[in-house]
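Okay, so here's the structure we're looking at.
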């Protein structure tokens, strides 16, 4: 039937209701229930929330009041909203019916003051329906335009006169736009029900809501007409002056373009929607910048923003004292944790790269990034990217960015005298500890920290062996360490172990070097590391060593030789090869850094100071992850519909241009097909020998797709509206 709501989602619940009613009328016969849903019980919380100091002041003394929109059911704000409602609202947190929006109420000082929610309206309410004056047909067709204020809570310790009516007015002021953004149409009327045994309704009357009568006490589920609930006062608020006229018009349509379940706005909300910037304007600007950067990844700031006003707003945003890299990335970290929790094993790869800003010498706060005294200047970036075992990037877990102090240049010989807390090597320990924090949040996922030879640091192995979170470590060895118990040196000892077997490993293209299959002899065994002479405060450590040496290497190419050290147990050849494969996934972060530099042009940002560059870098890093994620996902799940990533106008415009067919198909192509079409706009030829498209052709194609889709949508709306999906009425 392809029965969809205005936001493009399948109307599963409405379909179930329709089938149930057809069964009751004898039109069809449904089979017996195979599963009975359990009754809902209120959530229980083991630790009580400490009651804060009472807030007893005037509205002016309180300062500004902000409504924080809850954008995801798994977000931190969602958990906070649920807990506040369960503890302090007599109806609990839900379930809320149908379409819904939830908000938290926040003071200028960052204190939670309460929350409210809007959801689907009641099917029949005599007082409301009599006030509207609509027919049964008009009610069936226009009921989605009526929204219910189903929850409203001011916390019991908040005693601020006129706060409730002020919040209601603020919520009403943004409801139409927020509902349009999420569900694709604007409501015209809001209703609410006030239990007179608990509340007077004065706040609604003060906010200019209109009293229209009382309920009968039935409730939504009272099919037997037992009237188990108390009677409630019914209030309504018109969002449009002609609300009754609009609702009474039969056969009206919700005029909006259906949207796909996940579009660019949704991914931006998912990655940045929970950023705690303490200013709704900053949050909106952040989402706008993320979308603009994604649609034009290689553009400079004015080109990405597309207007003088938006460009000036972007510069003000990056110059704002509240805007820091850590604050901007915190929401993305939370989204990454959610994706990690859905995997059994996750590889968290750490790596360091340098960002060269020598072309912008007047930029403040830069430092040397080369060994020469008068060398290039810029910033150093150390990040931790999570990958699943298929190599798909799940997101960032930790980002460290800094500039070296020019005064410390040339003092390398004194590095052994400084503790690791005062060295750049501390970055590896900090990154590992962040993985440990992630492990606490994802107890059902095994996390493995992966790093290259620069991380061959004794303090890191000591931290991993004694880690209470049981995060595992997999590092390529740099030093030929001394072993305990007379085992000699690391490389010599492992080389004496018998060859477990040979394994073929695919080596990716690197520069002008073609990809190849390398045959490796694999050896492994347990070793006991002794601490370096300057670090005798540490104990000996039991570690697994895996050696892989390439044989029959082509002439002119240096053979591969890996020595891996890991806290993971290795009992046989298959487990050793598995760990080699996991380390090979480290290449993904190299591709990510290339995408970040070449695809997002981060080294060409001209923002005047290192602090502004870091703030801009936070957005660029998530955009680069998104591009790489799309590339890998097209290989991991190639057969899903491309509508999970592309808007309707985008995939239809893409199909018509690439296939030179003026009429797009009714069903969207697969994700793999769409990705290859986008990449073809960026120069991907799609020959048999080309394999799958890479990030470079993809980001070039994405830049062109934005303009192509906008043109196609304009032409379709004005000259060929039949090419667009029809609006859906409920």
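The values are calculated or read from the model by the stated rules, or taken from the named source; none is laboratory data. Given the structure is predicted, the values throughout are model-derived calculations rather than measurements. When we count neighbours, we look across all protein chains shown, and the Cβ atoms used for this are built from the backbone with ideal geometry, even at glycine.
The condition of being buried (at least 17 other Cβ atoms within 10 Å of the Cβ) and at negative phi holds for only one of 551, 543, 557, that being 543. Restricting attention to the stretch 560-596, the residues being surrounded by 15 or more Cβ atoms within 10 Å (Cβ to Cβ) and assigned to a loop (DSSP other than H, G, I, E, B) number 6. In the set 153, 143, only one residue is under 30 Å from residue 87 (Cα atoms) and assigned by TED's automatic domain parsing to the domain that holds residue 181; that residue is 153. Looking only at the stretch 173-191, which residues are part of a loop (DSSP other than H, G, I, E, B) and in contact with a strand residue (DSSP E or B) (Cβ under 6 Å, 6 or more places away or on another chain)? Listed by number, the list holds a single entry, 187.
Taken residue by residue, the stretch 685-693 has at least one member that is on the phi < 0 side of the Ramachandran plot, at pLDDT below 75 and surrounded by 20 or more Cβ atoms within 10 Å (Cβ to Cβ).
For the stretch 63-104, a residue qualifies if it is part of a strand (DSSP E or B) and more than 21 Å from residue 120 (Cα to Cα), and the qualifying residues are 65, 66.
Each residue in the stretch 150-165 was checked for being in contact (Cβ under 8 Å) with a residue 60 or more places away in the chain and either under 19 Å from residue 119 (Cα atoms) or in a strand (DSSP E or B) (or both), and 5 of them qualify.
If the condition is being under 42 Å from the mean Cα position of the chain (by Cα) and without any contact (Cβ under 8 Å) to a residue 40 or more places away in the chain, then the stretch 484-505 contributes only 504. Residues in the stretch 511-526 include at least one that is under 41 Å from the mean Cα position of the chain (by Cα) and over 26 Å from residue 553 (Cβ atoms).
Every residue in the stretch 458-476 that is crowded, with 21+ Cβ neighbours inside 10 Å and part of a loop (DSSP other than H, G, I, E, B), please. Passing the criteria: only 471.
Scanning the stretch 367-410 for residues that are more than 30 Å from residue 506 (Cα to Cα) and touching a residue at least 60 places away in the same chain (Cβ under 8 Å) yields a count of 4.
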